[in-house]
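Beneath this line is the structure, given in C-alpha cells, with notes to follow.
The values are calculated or read from the model by the stated rules, or taken from the named source; none is laboratory data. Everything quoted here is computed from the prediction, not taken from an experiment. No Cβ is skipped: glycine too gets one built from the backbone with ideal geometry, and neighbour counts run over all protein chains shown. Ligands, DNA and RNA are stripped out before the accessible areas are found, and what is left, the full protein with its side chains, is counted by its heavy atoms. Shrake-Rupley method; radii C 1.70, N 1.55, O 1.52, S 1.80 Å.
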Amino acid sequence: MNRVQQRVIARFEEHFGQPPAFVVRAPGRVNLIGEHTDYNEGFVLPMAIDRAVWVALRPRADRRVHVESLDFDTPIDFSLDELHKGANSPAEYVKGVAWAVQQAGHILQGWEGVMQGDVPIGAGLSSSAALELAIARAFQAASGYGWDGPRMALLAQQAENQWVGVQCGIMDQMISAVGLAGHALLIDCRTLESTPAPLPPETVVVVLDTNTRRGLVDSSYNERRAQCEAAAAHFGQRVLRDVTMAQLEAASADLDRLIVRRARHVISENARTLRALEAMRAADPVQLGLLMNASHVSLRDDFEVSSPALNQVVEVAGQHEACFGARMTGAGFGGCAVALVRAAQAEAFVAHVEAAYGAASPFPKPTAYVCQPSDGAQIVSRS
Ligand code: GLA
C-alpha cells in the first residue's frame, strides 16, 4: 500500500475510532510537451504522476465538512450552507470545489476525514489540481453523484479561476481527473477529448526540480495570455488554435515583433505536440526527445518563460547519453524540468545531473523524481 495512503488511514482510525468509509486520491502531473497551449485551446501531452493527494473520509449526516490535514496545522472546517471566501489557504481550494460543484446543481452532503499529499507544493507539478480533484472525489464519494472526468476538471478549474483567483488553463485539472496508468494523454483543450499515448518502452520520465521559485509567475502568466489573445485578435480569432503558421508569417511585418514570437511559440508547439503523439505511438523515444528539446528552445527564446536555472538543468540533462530529450515543464519561471531517459540508466542520469549542475551553477541542488504514469482521480477503496 502507498505510504501516504497508509498514513491517512492510520490517522483516520486514530481520530475517528473506526476505518474510513472511503479512501480517494488524485494525482499531480508532469507535462511532456504542449506548454502554454491549453488556454489557446490547443494540444497538451501530460501524464498523471505517482504522487497524489489522498483523503480518507466518512460521510456526515449534516452539511459540515471537516478535514484534518497531515500537511497543515489548522483543520479545515466549514458548512456547505455558508461558504465564504477567506484568506488564501488550502481551505479555499476545498471550499472552492464545494462552491463550483454546488453551483453546477449537485446536492452535497457533509463529510469528515484526513488528508495528506506528496506532490511537492509550488514546484509546478500541480499540487493544487491534485487537491481540487481529490476533494471533488471526496464529495462524490460522500454524496453519490455521477463522475464525469472532463466535467469535474472544468468545475475544479472554475474553483481555481473564480474562487481561489488563479487564471490557469484546463490542462492540470484534466490530467488529474482522467490520467491513465502507463500512459501520457494527448488532450485537445478545445473538445476535452483525450487520446492515450504509451511511454516509449524502456524509458522513464524524470522530473528535475530546480528548487527555484519565482514570485511573479501569476502576473507573467496573465501577460502571456493577453499577448496570445492580442495575436489571435489580429487575425479575427479568439484563440491561436485557429491561426496557422503561414498566416502568421504572412502578417509578421504588420505585427509587433514580441507578439509574433509569442504566437510562433504557441502555433509551433501545437504542431510539435501532435508530432509527439505520433512518436509515442511509433514507440520512438529519439523523435519524442528531439521534440521536447525543440519545445524548450521555443519556450526559452520565443515565449520567454524559462529561467537561468531551468536552462542550466535542461542543458546538463541533455549532456547525458541516457537522455533522449529535456525541457522546462509547467508555467515556467522556475520549478521543474522534465527529461525522457533510458530506464536502465536512470540512476546514472540523476547522479550526473546532480553533480554537473551543482558544480557549474550558483543555483540550489535540484531534486529528481523518477515518475510513473498513474491513473487519474479515483475512489481507491470503500468499506
Ligand atoms: C500552468 C497552468 C496550466 C498551463 C501551464 C502552461 O501549469 O496551470 O493551465 O497553462 O501552466 O502550459
Would you mind telling me which numbered condition in (1) open to solvent by 20 Å² or more (accessible area, probe 1.4 Å); (2) more than 16 Å from the ligand (Cβ to nearest atom) Ala331 fails?
(2)
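Anything in region 19-45 that is charged (D, E, K, R), in a loop (DSSP other than H, G, I, E, B) and more than 11 Å from the ligand (Cβ to nearest atom)? List them, or say none. Write out each step before concluding.
As a first pass, look at region 19-45 and keep what is charged (D, E, K, R): 25, 29, 35, 38, 41.
Those left that are additionally in a loop (DSSP other than H, G, I, E, B): 35, 41.
Scanning region 19-45 gives a single hit, Glu41.
Would you mind stating whether Asn211 is surrounded by fewer than 19 Cβ atoms within 10 Å (Cβ to Cβ) and either within 14 Å of the ligand (Cβ to nearest atom) or under 16 Å from the mean Cα position of the chain (by Cα) (or both)?
On the way: surrounded by fewer than 19 Cβ atoms within 10 Å (Cβ to Cβ): yes; either within 14 Å of the ligand (Cβ to nearest atom) or under 16 Å from the mean Cα position of the chain (by Cα) (or both): no.
Criteria not met by Asn211.
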Pairing a residue in region 146-174 that is not assigned by TED's automatic domain parsing to the domain that holds Asp218 with any residue that is of a type in the set (Phe, Trp, Tyr) and more than 15 Å from the ligand (Cβ to nearest atom), where Cβ atoms lie under 9 Å and the two sit 6 or more apart in sequence or on different chains, gives Gln158/Trp99; Ala159/Trp99; Gln162/Trp99; Trp163/Trp99
Tally of residues being open to solvent by 10 Å² or more (accessible area, probe 1.4 Å) and assigned to a strand (DSSP E or B) across region 46-65:
7
Residue among Arg262, Arg190 that alone is within 15 Å of the ligand (Cβ to nearest atom) and over 18 Å from the mean Cα position of the chain (by Cα):
Arg262
Out of (1) over 23 Å from Pro373 (Cβ atoms); (2) within 15 Å of the chain's Cα centre (by Cα); (3) open to solvent by less than 30 Å² (accessible area, probe 1.4 Å), what's the single condition that is false for Gln167?
(3)
Any pair with Cβ under 6 angstrom, 6 or more apart, that starts in region 332-355 at a residue that is at pLDDT below 95 and ends at one that is part of a helix (DSSP H, G or I) and buried (at least 18 other Cβ atoms within 10 Å of the Cβ):
Phe333/Val217
Suppose we filter Gln162, Gln173 for residues that are open to solvent by 40 Å² or more (accessible area, probe 1.4 Å), within 16 Å of the ligand (Cβ to nearest atom) and either under 13 Å from Gly376 (Cβ atoms) or modelled with pLDDT of 95 or more (or both); which single one remains?
Gln162
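Do you know which of the residues in region 97-124 that are under 18 Å from the mean Cα position of the chain (by Cα) and either part of a strand (DSSP E or B) or modelled with pLDDT of 95 or more (or both) is nearest to the ligand (Cβ to nearest atom)? Give the derivation first.
Quick first cut of region 97-124, residues under 18 Å from the mean Cα position of the chain (by Cα) only: 97, 116-124.
Subset that is either part of a strand (DSSP E or B) or modelled with pLDDT of 95 or more (or both): 97, 116-119.
Details: Val97: 16, Gln116: 22, Gly117: 17, Asp118: 19, Val119: 13 Å.
Within region 97-124, the match that is nearest to the ligand (Cβ to nearest atom) is Val119.
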Check off (1) out of contact with any helix residue (DSSP H, G or I) (no Cβ under 7 Å at 6 or more places or on another chain); (2) assigned to a helix (DSSP H, G or I) for Arg213 and give me the number that stays unchecked.
(2)
